[in-house]
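A short worksheet on the structure shown next.
The values are calculated or read from the model by the stated rules, or taken from the named source; none is laboratory data. Note that the coordinates shown come from a computational prediction; the quantities given were computed from them, not determined experimentally. Here the Cβ positions follow ideal geometry from the backbone for every residue, glycine too, while neighbour counts run over all protein chains shown.
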Amino acid sequence: MSAGDTNKPVEGSANIIDPAMSLVGKLEDLSLGEILQIVSLSRRSGLLRIEGPEGEGNVFIRDGKIIFASSSIEQEGVLSLLVSHGLVERTQIEGIRDSLEKVSSPDELKSVLFDELGVTPEAFQKTLRKKVEDMLYAFFMWEEGTFSFQLVENDDESPLFMRMGLLFLDNGISSQFIVMEGARIRDEQRRDQALAGGVTSDTMDLGDQVDILADDAETAAAELQSFYIPESIPPLPERIAKVIILVTGDPALKKGITDALGESDINLLHFDDAVSTLVRIQELRTHRIFPYLILDMMAKGLADGVRLGGLDILSTLWDLGINLPASVIAFEKNVESPRDDLVNLESVELMLLPSLDAEDTSDDDSDQYQDEFKRLIERITEFIETKAEEDQEEYFDLERELSDDLESIDLPLDTWIEPDVQKPSEPTDPHMAKLSSFVAELNRQDISGEITLLALRFASEFASRAVLFLVRREDMRGLGQFGVDLGDVLDPDKMVRSLVLPRTEGSIFNKVIEAHQSYRGSPDDDEILDVLLQSLGGEIPGEFYVGPVISMGKAAVVLYCDDLPERQSIEPTQSLDIFLSHTGLALDRAFLEMKLKESG
């Protein structure tokens, strides 16, 4: 598939180019959200492949809905997924290891999962959907790399789709839902980074700690005063594993603890919220593994609005009859006067750090934090050594525990993706880099009266001559043009605005309107095209392009371009297809805004 040049045969002599087929480019120019929107609008099926510094990702799409996703950096396989979600026990898998080692196709895996392991299709679909959603949200953080979309004409007969069928979601996930939710999650992560000084854990200096907003501080103070400490706290476990669970959303705190831990044989697991932490603690308990906790008092709690997530974790564990040794870290500005009963808890150490001003931080302040963290790790290490088994070996990597244990039979989620799946190539459309700036201009709040003019402006990057038509029930009326030369006889703008072409059955224009897909090719026997060319001067172009603008589910506008008068070949039109899709969204928005004003 070469970008912008692959034709799709349809009824008659016309060749329709599906916009989705021309999707090849860079993530820097077109985000994953924009890509999914375009594919969703075209309602096509195929494989979207992205590749960047983080790895490779595959997204399978059927009729515009997402039905599967896999990633080269994802270690969890099908069996690990079932075990981690409690659908099967590891002992069950060991009992059918011989059957699993013989699995060579999805059909054989289906028989093993549903018949021998007793997993219901409904439970498998529910678990798989959560996995696919999490993988897609991770892809939204990929901002560099390349992408390509490989169109599948008939997914019922495609070897690629048939081979992966078992792992596909029956109903699929709305691309629009994923775009909105993925953008929300990405924005939240960026906002969290901004609150921490706008830098990542790789570049943040410890002095870049930024205190929470004033209203958050008031909420935190109220939560601290109402924090309930039971009269009888469960006893600590006799043995503590060489594992530290760090819970914080602050990159500075994470980096400080990680640096202080250094080359220690203690394993560090990091989470940024209470929910994920409690799930992992429960998983570890099933293996009789009891970790040490380092809790940021201001971590995310179990519910929205809870500021003291660190304390939320402690109280939840106590309610469950669990007590683990913990160090709770807080900053003075957030916790002005910690309660005595919290400070005096035997199993909990409260570490109160001075609040630093991000704009007035010296190296000495950073060193002070680093020294505090080093002393904290020294105390924890000493405590763990007194509680650990004398013959306890170095603890294994918990993040890959299941995958390592089941490595020979775990069946990664992309096991059956064809090895010759087309990889993203360098985009052949030189205008893809300009697309973002034009889309940004299209999304301006005051653009409603200039939407069609902007479409003509972008089209001028591709062709020497173009005409824009308004689509009506029985005909098409000219809206605007560029590059039309009628000499001194007629004004081209007036001629185009007076031009009305009938929507004749079989015309390439009508096929584009009905199919919602663009066309690019050489002139053929087409009565309506002949009428248009005669109106434009009578010369026959060597190549022309017709693209629809879809608004409110219908083709509202049609763009015609050709290679006249200089007969320069039309540029690859992949980004033009994409921009016309965005133009339709802009028309939808303008229409809704008009309706709101009328009703207001």
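Residue-by-condition table, conditions (1) surrounded by fewer than 18 Cβ atoms within 10 Å (Cβ to Cβ); (2) modelled with pLDDT under 75; (3) within 16 Å of the chain's Cα centre (by Cα):
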| site | (1), (2), (3) |
| --- | --- |
| Gly12 | yes, yes, no |
| Ile17 | no, yes, no |
| Leu23 | no, yes, no |
| Ile35 | no, no, yes |
| Leu41 | no, yes, no |
| Ser45 | no, no, no |
| Pro53 | yes, no, yes |
| Arg62 | no, no, no |
| Ile66 | no, no, yes |
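Restricting attention to the range 320-351, report how many residues are more than 14 Å from Pro230 (Cα to Cα), among the hydrophobic types (A, V, I, L, M, F, W, C), at pLDDT 75 or above and more than 37 Å from the chain's Cα centre (by Cα).
1
Residues to consider are Phe396, Phe462, Phe458, Phe469; find the one that is aromatic (Phe, Trp, Tyr) and modelled with pLDDT under 85.
Phe396
Residue check, Pro235 against (1) modelled with pLDDT of 85 or more; (2) assigned to a helix (DSSP H, G or I); (3) surrounded by fewer than 15 Cβ atoms within 10 Å (Cβ to Cβ), all met but one. Which one?
So Pro235 meets the others, but not (2).
Yes or no: Glu89 of a type in the set (D, E, K, R), surrounded by fewer than 19 Cβ atoms within 10 Å (Cβ to Cβ) and under 15 Å from the mean Cα position of the chain (by Cα)?
Here the answer is no, as Glu89 does not meet what is asked.
Do any residues in the range 70-84 that are touching a residue at least 12 places away in the same chain (Cβ under 8 Å) have Cβ atoms under 6 Å from those of residues that are in a helix (DSSP H, G or I) and of a type in the set (Val, Ile, Thr), where the two are at least six apart or on different chains, and which pairs are they?
Leu79/Ile93
Give the residue that is modelled with the highest pLDDT, with candidates limited to residues of the range 166-184 that are part of a helix (DSSP H, G or I) and buried (at least 18 other Cβ atoms within 10 Å of the Cβ).
Once the filter is applied, the top-ranked residue is Ile178.
Restricting to the range 536-550, count the residues that are touching a residue at least 24 places away in the same chain (Cβ under 8 Å) and more than 10 Å from Asp563 (Cβ to Cβ).
8
Can you name the residue in the range 275-301 that is among the small types (Gly, Ala, Ser) and over 23 Å from the mean Cα position of the chain (by Cα) and, of all such residues, is farthest from His85 (Cα to Cα)?
Ala299
When you go through Ser72, Ser111, Ser105 one by one, which is the residue that is closer than 30 Å to Ser575 by Cβ and surrounded by fewer than 20 Cβ atoms within 10 Å (Cβ to Cβ)?
Ser72
For residues that are assigned to a strand (DSSP E or B) and within 15 Å of Phe147 (Cα to Cα), tally how many sit in the range 23-73.
20
Six or more apart or on different chains, Cβ atoms under 9 Å: show the pairs whose first residue is in the range 267-287 and basic (Lys, Arg) and whose second is part of a helix (DSSP H, G or I) and buried (at least 17 other Cβ atoms within 10 Å of the Cβ).
Cβ pairs passing all conditions: Arg280/Leu398.
Quick one: which residue in Gly77, Gly64 is small (Gly, Ala, Ser) and touching a Pro at 6+ places or on another chain (Cβ under 9 Å)?
Answer to the check: Gly77.
From the list Asp211, Asp202, Asp192, which one is touching a strand residue (DSSP E or B) at 6+ places or on another chain (Cβ under 7 Å) and modelled with pLDDT under 70?
Only one candidate qualifies: Asp211.
Can you tell me which residue is farthest from the chain's Cα centre (by Cα) among those in the range 102-130 that are at pLDDT below 85 and among the basic types (Lys, Arg)?
Going through the qualifying residues, I end up with Lys102.
Each row is one residue, and each column tells you yes or no for (1) modelled with pLDDT of 90 or more; (2) more than 25 Å from Ala590 (Cα to Cα).
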{"position": "Ser507", "(1), (2)": "yes, yes"}
{"position": "Lys511", "(1), (2)": "yes, yes"}
{"position": "His516", "(1), (2)": "no, no"}
{"position": "Leu532", "(1), (2)": "yes, yes"}
{"position": "Glu539", "(1), (2)": "yes, yes"}
{"position": "Gly553", "(1), (2)": "no, no"}
{"position": "Val558", "(1), (2)": "yes, no"}
{"position": "Cys561", "(1), (2)": "yes, yes"}
{"position": "Gln568", "(1), (2)": "no, yes"}
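Being more than 15 Å from Gly521 (Cβ to Cβ) and modelled with pLDDT under 90 narrows it down to one of Thr573, Thr583, so name that one.
Criteria check complete, one pass: Thr583.
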